[in-house]
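What follows is a set of notes on a single structure, which appears directly below.
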Amino acid sequence: QVQLVESGGGLVQAGGSLRLSCAASGRTFSSNIMGWFRQAPGKEREFVAALTWSGGSTYYADSVKGRFTISRDNAKNTVYLQMNSLKPEDTAVYYCAAREKGFVVTVHYDYWGQGTQVTVSS
């Protein structure tokens, strides 16, 4: 019902910046919550940030608060994750996800993108 296409991953030096994009298509009206998650090697997938289309509320994990910013372009059905002051610990596969309703800070979203690799060199 909802397709998510991610872009923007890559290699960056510690302290640098990177912006991830997630374009949503299909029955996007059914998903009011958009989130970003990441999974490092040997670790479980964790919540990074999220927003709601209707209200514009934002949520951040403590580990990225003050460094990452989630935003949206309603006309393009696109969500962005601006990542600043990147650290080697931020290295992971980053996933875009959509959820119709329910809890925001959870990994139990309804739709997922393919993931994009972000590598931060030390």
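The values are calculated or read from the model by the stated rules, or taken from the named source; none is laboratory data. Small disclaimer: the values here were computed from a predicted structure and weren't measured. Cβ atoms come from the backbone with ideal geometry, glycine included; neighbour counts cover every protein chain shown. Surface accessibility is based on the protein's heavy atoms, side chains included, excluding ligands, DNA and RNA. Shrake-Rupley method; radii C 1.70, N 1.55, O 1.52, S 1.80 Å.
Here are the numbers for this structure:
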{"item": "Integer Hz, Karplus 6.51/-1.76/1.60 couplings in order for the range 112-118, x for Gly and Pro", "result": "9, x, 7, x, 9, 7, 10"}
{"item": "Whole-Å distance, taken between Cα centres, linking the range 12-62 and the range 87-122", "result": "6 Å"}
{"item": "Phi to ³J(HN,Hα) by Karplus 6.51 cos²θ - 1.76 cosθ + 1.60 over the range 79-92, Hz, x for Gly, Pro", "result": "10, 10, 10, 8, 10, 10, 6, 5, 10, x, 5, 7, 4, 4"}
{"item": "Inter-probe distance in nm under a simple model that places probes 7 Å from Cα toward Cβ, at V105 and N74", "result": "2.7 nm"}
{"item": "Label-point separation in nm, E46 to S85, each point 7 Å along Cα→Cβ", "result": "1.7 nm"}
{"item": "Rounded to 5, percent antiparallel among DSSP beta bridges of the chain", "result": "90 percent"}
{"item": "Length-normalised contact order of the range 1-57 in % [C-alpha pairs under 8 Å, at least 6 apart]", "result": "27 percent"}
{"item": "T116 accessible area, assembled protein chains, probe 1.4 Å, Å²", "result": "20 Å²"}
{"item": "Hypothetical label at Q117: residues of the range 1-30 whose amide nitrogen lies under 14 Å (7 Å Cα-Cβ projection)", "result": "8-12"}
{"item": "Candidates E44, E89, E100: whichever shows maximal mean-square fluctuation once the chain is modelled as a Gaussian network with Cα springs under 10 Å", "result": "E44"}
{"item": "K87 - accessible surface, heavy atoms, 1.4 Å probe, Å² rounded to 10", "result": "90 Å²"}
{"item": "Length-normalised contact order for the chain - Cα pairs under 8 Å, 6+ apart - percent", "result": "36 percent"}
{"item": "Alpha-carbon Rg/Rh ratio, for the chain, with Rh computed the Kirkwood way", "result": "0.94"}
